[in-house]
Amino acid sequence: MTTTDQWVAGARPRTLPAAVAPVLAGTGVAAYDDAAVWWKALLALVVSLALQVGVNYANDYSDGVRGTDDERVGPMRLVGSGAATPGAVKRAAFLSFGVAALVGLVLAATTAWWLVAVGLVCIVAAWFYTGGSTPYGYLGLGEVMVFVFFGLVAVMGTVYVQTESFPAPGWYAACGVGALACAILVANNLRDIPTDREVGKRTLAVRLGDDRTRGLYVLLVGAALVALVGVAVTTTWWALLGLVFLVPGGRAVRTVTGGATGPGLVPVLQLTGVAELLLSAGLALGLVLGV
């Protein structure tokens, strides 16, 4: 495997849908208010993508040096597999966070300086998800982090830098995107219950157990549907174009409720990522058409 292939492997899982979805949804809300600023939307996308890549590298590094990736079912990890050194992956994480910080500073300078504090909190939260002496991802709090930062903060941040307001449809959109982002993590942790339990990684899935974790996944997909309806009620029914997310989402739900385990759950992560992207794209298109 070449060095380039190694970096791609480390950054690949769920990065693109999770980075693009909140920016699409937030920009759709801004466009409905006739306040879209496309260059700011592009900068928000760079920040979102850089943070996502940074989180992937940070998790790869922290889990790898702890040994929790030694027996892994999902996609290859760089440190755990020995494909890259811990130091190189750590540097890649901080380089990604640095890109997010620099581009975020441009957005803050052209919008509001308090956004710098928000960005700093995002980077700290990204690192301590699996980093530090007491990572909160090992305490069952990962889903809270994902909902807050990759749902509420990512979507509403995109809305705010363009509109300088916090409209109600944006909150509904943020909840929908956050719910599906959480569902991806829930499916990931459902798959890893046996190995996480062995290494003492007390994720929410480990704490809830197999059956209740599957129920939580279905609940999150349902919450995304309710949130999408909330966007439509407060804007235009064109927003329901986002219902296209139920095509991959429904397939994922059937797989989860059908009792799939281990590698059988890997497609659920992919389907849920596509569902998150389709919900945001359909919602954004609907809001543009409904102006």
Would you mind calculating the relative contact order of the chain from Cα pairs under 8 angstrom and at least 6 residues apart, reporting the percent as a whole number? 24 percent
Quick check: pseudo-label points 7 Å beyond the Cα along Cα→Cβ at Val288 and Val199, how many nm apart are they? 4.2 nm
Which Rg and Dmax, in Å, describe the Cα atoms of region 179-291? 15.4, 53
I'd like the orientation of helix 154-163 relative to the chain: the angle between its Cα long axis and the longest Cα principal axis, in ° from 0 to 90, rounded to 10. 30 degrees
How much length would be gained if the chain were fully extended between Ser133 and Leu219, taking 0.36 nm per residue of separation minus their Cα-Cα distance, in nm to one decimal? 27.8 nm
Could you tell me how many degrees, from 0 to 90 and to the nearest 10, lie between the Cα long axis of helix 168-191 and the main elongation axis, the longest principal axis, of the Cα atoms of the chain? 20 degrees
Over all directions, region 110-203 yields a Cα convex hull whose mean projected area in nm² is 6.5 nm²
In whole Å and largest first, what semi-axes does the C-alpha gyration tensor of the chain yield when each eigenvalue is scaled by 5 and square-rooted? 30, 24, 15
Given trypsin sites (Lys or Arg not before Pro), DSSP loops and at most 16 other Cβ atoms within 10 Å, the longest exposed-site-free stretch of the chain is 73-201
Spin-label zone in region 105-126 - amide nitrogen under 18 Å from a point set 7 Å from the Cα of Phe94 along the C-beta vector: 120-126
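No lab work stands behind these numbers, since they all come straight from the coordinates. Keep in mind that this is a model prediction, so the values were computed, not measured. A quick note on method: Cβ atoms are made from the backbone with ideal geometry, for glycine too, and the neighbour counts reach across all protein chains shown.
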